[in-house]
1. I'd like the carbon and sulfur percentage of the solvent accessible area for the range 1-98, probe radius 1.4 Å, heavy atoms only, ligands and nucleic acids excluded.
2. Find the accessible area per residue for the chain; the probe is 1.4 Å, ligands and nucleic acids are left out, and the unit is Å².
3. Starting from the Cα of S102, step 7 Å along the direction of its Cβ; do the same at S9; then give the gap between the two resulting points in nm.
4. Please provide three numbers in whole Å: the alpha-carbon extents of the range 1-65 along the principal axes, with the largest listed first.
5. Show the residues, 5+ positions off or on another chain, whose built amide H is closer than 5 Å to the amide H of R86.
6. What is the set of long-range amide H partners of G51 at a cut-off below 5 Å, with H atoms built 1.01 Å from backbone N?
7. Through the Karplus equation 6.51 cos²θ - 1.76 cosθ + 1.60, θ set to phi - 60°, convert the phi angles of the range 96-106 into ³J(HN,Hα) values in whole Hz; use x for Gly and Pro.
8. Can you tell me the Rg and the Dmax, both Å, for the Cα atoms in the range 71-113?
Amino acid sequence: SQIKVYQGSFLRDPIPKGYDLITLIRVLYDHPDKNLKVILASAKKSLQTSGKLLIAEPMAGEAGTGRMSDAYFGMYLLAMGKGLPRSHKRIHFLLKEAGFSSVRSIKVTLPIQTGLIVAEA
């Protein structure tokens, strides 16, 4: 198995094709929905038929941590000057809209810190 890292802009540069896994780590919450549609469509195009997209980032409204995580990331992103944590439900919707066939959230031990979603091409 081989890992390759590519530099570029999600909005201007195509993601290289033919891979079985793409990871987006703390990427989505830095962009408005219109950019997410471009990023997710590009990821979908670049994956093999059986490929997967792994998303790991802060997510809004986590069960049991909703208020605390929303307050923390609200302040953090306000200080950064941009960003929007989205709910699992919203990200699932955007992934389905981009053409992903199967989308599921993965249970994590620290949901206040990050959420995980896997989508299949």
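1. On the way: 3680 of 6330 Å².
Percent of accessible area from carbon and sulfur atoms in the range 1-98: 58.
2. Values: 7590 Å² over 121 residues.
Heavy-atom SASA per residue in the chain reads 63 Å².
3. My value for the distance between the label points is 3.6 nm.
4. 38, 27, 21
5. Counting only residues 5 or more places away or on other chains, the set is A60.
6. A121
7. 4, 4, 7, x, 6, 7, 9, 9, 8, 8, 10
8. 13.1, 36
The values are calculated or read from the model by the stated rules, or taken from the named source; none is laboratory data. Computed from a prediction, not measured in an experiment: that's the story for all the values here. Don't worry about glycine lacking a Cβ; one is built from the backbone with ideal geometry, like all the others, and counts go over all protein chains shown. All accessible areas refer to the heavy atoms of the entire protein, side chains included, with ligands and DNA or RNA removed. Shrake-Rupley method; radii C 1.70, N 1.55, O 1.52, S 1.80 Å.
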